[in-house]
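Computed from the coordinates by the stated procedures, all read-outs in this text should not be read as laboratory data. Just so it is clear, the model here is predicted, and its values are computed rather than measured. Ideal geometry is used to build each Cβ from the backbone, glycine not excepted, and the neighbour counts take in all protein chains shown.
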Amino acid sequence: MRKLAIVLSVLASPALATGLQIEVSGEANGTVTIDLFEDVAPAHVERITTLAKDGAYDGVVFHRVIDGFMAQTGDVEFGKLDGGDMAMAGRGASDLPDLPAEFSDLAFDRGVIGMARSQNPDSGNSQFFIMFDEGYFLNGQYTVVGEVTDGMDVVDAIKRGTGQNGAVIGQPDVMSSVSVTD
């Protein structure tokens, strides 16, 4: 019986965790390491990793950054530092379809990664945000996709937005490269 329990325990173990490594440049410089929650939001994690593997996030700016709240990025359509339309940053998505929400009971604590969306809960696509502080009013309203495991000091240094609704004015910080880790 003990051998059977060990085998079942091994079979029930979660697969290797997937994550991201984001190189940030600008006012903030350094590496942010993220653990993605493929067991909580599998479709959203698949989307993020697909876009990262395709290089779609490379050169994308942090376009909306609100002190004490969050830093938003991931607009692969309008948010590219070179060739993007910064006036439109935050309105774009990938050429892939929007995703149905994958709400969970995980809390929006400091360092949690959530999927950005419009008023429609099923409109998550490519954009995501990193929490500077807790934001429990988001609980159950936005899809949690992961958390920062290293580099919160880099996140904390991201240039804050001073424009309407946290829009970054002038030169924004950028995800110079985003890679998928195992």
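Quick notes
- From the options Val168, Val174, residue that is more than 15 Å from the chain's Cα centre (by Cα), within 25 Å of Met86 (Cβ to Cβ), among the hydrophobic types (A, V, I, L, M, F, W, C) and surrounded by 18 or more Cβ atoms within 10 Å (Cβ to Cβ): Val168
- So Gln141, is it touching a residue at least 24 places away in the same chain (Cβ under 8 Å), in a loop (DSSP other than H, G, I, E, B) and over 26 Å from Val40 (Cβ atoms): no
- For Ala56, the requirement of being among the aliphatic types (A, V, I, L, M) and without any contact (Cβ under 8 Å) to a residue 60 or more places away in the chain is not met.
- Selection count, the stretch 105-132, where residues are of a type in the set (A, V, I, L, M, F, W, C), surrounded by fewer than 21 Cβ atoms within 10 Å (Cβ to Cβ) and within 13 Å of the chain's Cα centre (by Cα): 1
- Selection status of Gly90, crowded, with 16+ Cβ neighbours inside 10 Å, in a strand (DSSP E or B) and touching a residue at least 24 places away in the same chain (Cβ under 8 Å): no
- Selection count, the stretch 81-101, where residues are in contact with a strand residue (DSSP E or B) (Cβ under 8 Å, 6 or more places away or on another chain) and under 18 Å from Arg47 (Cα atoms): 4
- Within the stretch 38-68, considering residues that are among the aliphatic types (A, V, I, L, M) and in contact with a Ser or Thr (Cβ under 7 Å, 6 or more places away or on another chain), the one surrounded by the fewest Cβ atoms within 10 Å (Cβ to Cβ): Val40
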